[in-house]
Amino acid sequence: MLRSLHIRNYALIDSLDIKFPEGLVIITGQTGAGKSILLGALGLLAGQKAEAEVIGPGGDDCVVEGEFDTPKGLRIIRRVIYSSGRSRSFIDDCPFQLSLLDHYAGNKEALAECRRLWKEIGECRKELEDARGLLRTQKAELDYNEAQYKELESARLKDGELAGLEEEQQALANAEEIRERLATALQLFNPDGRQSIGESLREARKALDHAGKFLPSMTALGERIESARIELEDIFAEVEDAAGRTESSGERLEAVEDRLSLLYKLLRKHGCESIAELIEVRERFGRAVSGSEELEERCAELEKKLTSLKEAHLRVCEALDKARRQAAVAFAAEVTGHLHYLELERSSFEVKVLPAEPGASGSSSVAFKFSADGTRSVDVAKCASGGEISRIMLSLKALMAKFEGMPTLIFDEIDSGVSGSVADKMGSMICEMGRTIQVFSITHLPQVAAKGDAHYLVSKQFDEASGRTYSGIRLLEGEARVQEVARLLSGASITPEAVANARSLLKEAAL
């Protein structure tokens, strides 16, 4: 229930702080005093669209804040509307007719399941559409990806291969010159053909060793000559081995150059600088080819899931439809009973449950039919009489008052178009609702106003200092309330008879 309301700079309301009690809260006031403004402020808390035009001239924004007593504790809802048209909400939809019937039928859990499944269907359908779109794209590129992958796969790429091939190609292409140079080097190790450099160095060391007996420093030089000899003989062996391995093979040279040509072509084609990068390109094409198969499997899984969700949703829809049809008869009977009480004795009210496209609320739609004389029924919205509409809406809200989680109801001149005994009975019905929930009733009827647990008056005041007219609201008690009920009875000129009648109405309502 609404405990208190704070409004700042909203339309004609400059500043308002007011508390509300439980039970039936009556709000009255002259036409144009600002009752609809107060209702609009409450609508903002309920999430209605906000326009910058509602901001009063006293600032760049307006604030509406309500303190609500809920089953989960005290909660404050605050709405701020800015001059830009934007708004912010601070908090610690299904059609009206269908919602009413579902509340009456106790379909809360089934309806929640229906909405959950419908949401999952939407999510699954979107995921499936995305996967199919990606699969179409991949299939359009599949031939190209397969061709590129097969070309790179058949190349049997090896990381580090390029440097070895380039070295081998240089050796094969210059084999004759290499052999000649190596032969020259080998010949220089034995220049006179009789004694090699190694043998000469061995004899030189022996000579220095003998001289070392008399001149010790020569022994160290002999050791150095021995080291040089060993190194030179090792060099000679490697040069000799290289000379033996150097071949002039035209076939091998052609094979190496063909391999290099293939690798260079692939590197240029794919914009790579190394075989390692080329291998990564090959793997990427491989993943693209295999990815199509994975996507096909994913699409099949999503199709199966979507079918299962639709079947589950259909079962819930059928259960909801059955529950709605079963509840429709009793619901219509209760509304008809209220209408008869409100002196529409020949009227009838029907609830039609009709098929509809499956959705978050099931696969049903609901139409309320009304007949004033019990003959031809028409859609409730097409009822010509304002008094009939008022009584139908009151009857529906009388049922709403019984719903769990419906702590507050607001009637905005629901008694319009009725008077006399009907007005009195409507007041009694509204008063009865106020015994179990909080009810706000904006009314012009004294029979209704007199039955309230609390009575508030909305009025306009002119402020000479600012030159502005403001709307305000205050609680009426004692004689002030008598005078307001009397005004509702007699109009602008309050007569003694109206005052006496007002006292009588208030006294009767208090019993």
In the range 185-204, how many residues are open to solvent by less than 70 Å² (accessible area, probe 1.4 Å) and either part of a helix (DSSP H, G or I) or in contact with a Cys (Cβ under 9 Å, 6 or more places away or on another chain) (or both)?
-> 7
So, first residue closer than 12 Å to Gly85 by Cβ and of a type in the set (Gly, Ala, Ser) in the range 49-70, second residue open to solvent by 30 Å² or more (accessible area, probe 1.4 Å) and assigned to a strand (DSSP E or B), Cβ within less than 6 Å, six or more apart or across chains; the pairs are Ala50/Ser87
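Where residues in the range 269-292 are more than 15 Å from Leu157 (Cβ to Cβ) and assigned to a helix (DSSP H, G or I), which of them is most open to solvent (accessible area, probe 1.4 Å)? Write out each step before concluding.
Initially, the range 269-292 is screened for residues more than 15 Å from Leu157 (Cβ to Cβ), giving 271, 287-292.
Cutting the leftovers down to assigned to a helix (DSSP H, G or I) gives us 287-292.
Numbers: Arg287: 130, Ala288: 29, Val289: 30, Ser290: 45, Gly291: 12, Ser292: 6 Å².
Only one residue tops the list, namely Arg287.
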Looking only at the range 438-494, count how many residues are open to solvent by 50 Å² or more (accessible area, probe 1.4 Å), of a type in the set (A, V, I, L, M) and not in a helix (DSSP H, G or I).
-> 4
Look through the range 302-337, keep the residues that are surrounded by 21 or more Cβ atoms within 10 Å (Cβ to Cβ) and under 21 Å from Ser377 (Cβ atoms), and return whichever of them is nearest to the chain's Cα centre (by Cα).
-> Arg324
Note on Gly34: of the conditions (1) more than 33 Å from the chain's Cα centre (by Cα); (2) closer than 23 Å to Lys460 by Cα; (3) surrounded by fewer than 20 Cβ atoms within 10 Å (Cβ to Cβ); (4) of a type in the set (Gly, Ala, Ser), unmet is (3)
Go over the candidates Arg115, Arg78, Arg88 one by one and state the one that is modelled with pLDDT under 80 and open to solvent by 80 Å² or more (accessible area, probe 1.4 Å).
-> Arg88
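Considering only the range 143-160, state which residues are open to solvent by 40 Å² or more (accessible area, probe 1.4 Å) and either touching a helix residue (DSSP H, G or I) at 6+ places or on another chain (Cβ under 8 Å) or assigned to a helix (DSSP H, G or I) (or both).
Residues of the range 143-160 open to solvent by 40 Å² or more (accessible area, probe 1.4 Å): 143-144, 146-147, 149-151, 153-154, 156, 158-160.
Within the range 143-160, Asp143, Tyr144, Glu146, Ala147, Tyr149, Lys150, Glu151, Glu153, Ser154, Lys158, Asp159, Gly160 meet the criteria.
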Determine whether Leu295 is surrounded by 14 or more Cβ atoms within 10 Å (Cβ to Cβ), more than 26 Å from Glu109 (Cα to Cα), modelled with pLDDT of 90 or more and within 37 Å of the chain's Cα centre (by Cα).
-> no
So which residues in the range 256-292 are of a type in the set (Ser, Thr, Tyr) and at pLDDT below 80?
-> Ser290, Ser292
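The values are calculated or read from the model by the stated rules, or taken from the named source; none is laboratory data. Being a predicted model, the structure only gives us computed values, none of them experimental. Positions of Cβ are generated from backbone atoms using ideal geometry, with glycine treated the same way; all protein chains shown enter the neighbour counts. Only protein heavy atoms, including side chains, enter the accessible area calculation; ligands, DNA and RNA are left aside. Shrake-Rupley method; radii C 1.70, N 1.55, O 1.52, S 1.80 Å.
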